[in-house]
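Enquirer: The structure under discussion is supplied below as structure tokens; questions concerning it will follow.
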Amino acid sequence: MFDKKLLKNFDWGLLIVVLLICVYSVIVVTSASHTLQTGSYRKVIIQIAAILVGLISIALICLFDYNTLAKFSTFIYILNLFGLVLVLAIGKESKGAQSWISLGPVNIQPSEFSKLALVLTLANMFSKMEEIKTFKELLWPMAYLGIPFVAVMLQPDLGTGLVFIAIFLAIVYISGIRTKVLAQLFALGIALLPIGYKLLKPYQRNRLLSFLNPELDPMGTGYHVIQSKIAIGSGMFWGKGLFDGSQTQLYYLPEAWTDFIFSVVGEELGFIGASILIVLYAIMLYRAWKIAYNAKDKYGMLVAVGIIAMFTFHIFENIGMTIGIMPITGIPLPFMSYGGSAMVANMMAIGLLENISMRRQKINF
């Protein structure tokens with residue numbers, strides 16, 4: 001039964017910051033989805049509904065001790081693989097990737113939930129290990145990572161694959177690893193880069209090349225980043241105002257309400273609006289790090305670290321690709337980009353952080 005005394009350790013600051021970002025999201029999605037021009041508020045309604053479902057998931061996750069999830073680690077891992085394989089079998093293809101499962105009017109993206117599943121299962125595995133002293137000790141965890149990684153790359157979903165790697169590296173480093181072994185791991189990664197590049201789809205390779213020089217294909221793979229940089233640059237300090245961004249409202253900016261929503265913020269709300277959003281993210285990550293630092297056990301700490309790594313990579317990669325310092329990978333901006341699966345999965349991650357925070361110490365009776 002849930003003990004109300006646990007609420008004294010609930011991190012209300014974290015929840016408030018996340019809710020502020022969600023409100024920001026609804027406002028910007030309303031502009032980015034051209035509601036004034038089309039008269040349709042469908043995307044806005046779906047975004048609000050996803051936020052509400054996410055808040056319910058936070059409440060439900062807080063009801064039980066997070067250590068219960070460690071006991072079901074194998075089941076979570078198998079369920080994760082089932083979802084990723086199922087999407088390859090019956091998934092709906094959109095924009096070159098087979099990443100969605102259609103359930104009537106609802107499209108679910110299993111890869112968004114798989115990130116959280118990977119955090120839980122890797123955290124459980126490394127919480128039982130001492131400091132990693134030899135590369136051999138990493139072979140089983142790498143195989144554990146490799147199966148879902150291959151599954152998402154077959155969709156193909158490079159962005160999620162890179163998030164998996166970021167989560168893995170963060171958990172490995174924080175759980176304890178000798179410098180020599182860490183160097184060997186990075187050396188292996190560098191050695192595998194040419195093979196990985198060969199395995200990419202042609203359009204994914206072109207995206208990487210256009211990242212280095214967007215002008216190579218200004219009307220093709222370089223179009224997104226060129227239009228994004230124009231949008232952000234034209235917003236200058238104060239922005240052009242909501243619903244008044246020419247790049248956004250005249251449809252020059254593709255995927256304005258999803259992957260390139262930060263570009264809309266930069267154009268319509270300017271440097272000030274973009275800075276406020278980045279500060280909110282910094283506060284969110286700081287509070288998450290405090291939860292990881294104060295966790296009562298290694299499992300809780302590693303779950304929190306994995307979630308921090310997931311959010312940090314998403315934020316850095318998404319904002320980076322909109323300003324041309326990172327390649328385009330299709331990664332959404334947490335709590336901002338339109339998308340029900342991503343929103344609910346991110347809210348569940350916040351629920352886990354709150355769960356760890358609430359149970360960071362024993363309750364005195």
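The values are calculated or read from the model by the stated rules, or taken from the named source; none is laboratory data. For clarity, every value in this text was computed on a predicted model and none was experimentally measured. Cβ coordinates were reconstructed from backbone atoms using ideal geometry, including for glycine residues, and neighbour counts include every protein chain displayed. The area values use the complete protein model at the heavy-atom level, side chains included, leaving out ligands, DNA and RNA. Shrake-Rupley method; radii C 1.70, N 1.55, O 1.52, S 1.80 Å.
Enquirer: Along the range 244-259, what does the Karplus equation 6.51 cos²θ - 1.76 cosθ + 1.60 (θ = phi - 60°) give for ³J(HN,Hα), rounded to whole Hz, x for Gly and Pro?
Expert: 10, x, 5, 4, 6, 6, 9, 6, 6, 8, x, 6, 4, 8, 10, 5
Enquirer: Rule-of-thumb check for the range 64-108: C-alpha Rg over 2.2 N^0.38 Å?
Expert: Values: Rg = 14.0 Å, N = 45, 2.2 N^0.38 = 9.3 Å.
Here the answer is 1.50, to two decimals.
Enquirer: While we're looking at this one, here's another question. Taking H as built 1.01 Å from N, whose amide H comes closer than 5 Å to the amide H of Ile177, not counting residues under 5 places away?
Expert: Residues meeting the criterion, in which the H sits 1.01 Å from N, are Ile132.
Enquirer: Quick check on packing: order 230-238, 56-64 by the mean number of other C-beta atoms within 10 Å, highest mean leading. Before the final figure, lay out each step's value.
Expert: On the way: 230-238: 17.2, 56-64: 14.7.
Going from most to least packed, we get 230-238, 56-64.
Enquirer: Step through the residues of the range 345-354 one at a time and calculate ³J(HN,Hα) from phi using the Karplus curve (6.51 cos²θ - 1.76 cosθ + 1.60, θ = phi - 60°), rounding each to whole Hz and writing x for Gly and Pro.
Expert: 4, 5, 5, 4, 4, 5, x, 5, 4, 5
Enquirer: How big, on average over all directions, is the shadow cast by the Cα convex hull of the range 240-365, in nm²?
Expert: Numbers: hull surface 36.8 nm².
Reported value for the Cα convex hull: 9.2 nm².
Enquirer: List the relative contact order of the chain as a percent without decimals, with contacts defined as Cα pairs under 8 Å and 6+ residues apart.
Expert: 29
Enquirer: When N counts the residues of the range 117-267, how does its alpha-carbon radius of gyration compare numerically with 2.2 N^0.38 Å, as a ratio?
Expert: 1.36
Enquirer: Could you tell me which residue out of Val264, Tyr338, Phe237 lies farthest along the dipole of the chain toward its positive end? Charges go on the beta carbon: Lys and Arg +1, Asp and Glu -1, centred on the Cα centre.
Expert: My answer, from the dipole projection, is Tyr338.
Enquirer: I've got another one for you. Using C-alpha positions alone, give me the convex hull volume of the range 57-191 per residue in cubic angstrom.
Expert: It is 123 Å³ per residue.
Enquirer: Let me ask something else about it. Residues of the range 2-357: accessible area per residue at 1.4 Å, in Å²? Numbers along the way, then the final one.
Expert: Values: 16240 Å² over 356 residues.
Result: 46 Å² of accessible area for each residue.
Enquirer: Under 20 °C and 1.002 mPa s, how fast does the chain diffuse according to Stokes-Einstein, given a Kirkwood radius computed over C-alpha pairs? Answer in µm²/s, whole number. Write out the running numbers ahead of the final one.
Expert: Values: Rh = 21.3 Å.
For the chosen part, D equals 100 µm²/s.
Enquirer: Which of the residue pairs Lys71/Lys290; Lys92/Lys201; Lys5/Lys71; Lys71/Lys180; Lys8/Lys296 have a Cα-Cα distance greater than 21 Å in the structure shown?
Expert: Working: Lys71/Lys290 25 Å; Lys92/Lys201 18 Å; Lys5/Lys71 25 Å; Lys71/Lys180 32 Å; Lys8/Lys296 16 Å.
Those over the limit are Lys71/Lys290; Lys5/Lys71; Lys71/Lys180.
Enquirer: Tell me, what % of the accessible area of the range 2-357 is carbon and sulfur with a 1.4 angstrom probe?
Expert: Ligands and nucleic acids excluded, carbon and sulfur give 71 percent.
Enquirer: List, in order, the whole-Hz ³J(HN,Hα) value for each residue of the range 158-165 obtained from phi through the Karplus relation with A = 6.51, B = -1.76, C = 1.60 and θ = phi - 60°; use x for Gly and Pro.
Expert: 4, x, 5, x, 5, 5, 4, 5
Enquirer: Right, here's the next one. Over the Cα atoms of the range 216-272, how large are the radius of gyration and the largest Cα-Cα distance (Dmax), in Å?
Expert: Cα only, the range 216-272: 10.5, 32 Å (Rg, Dmax).
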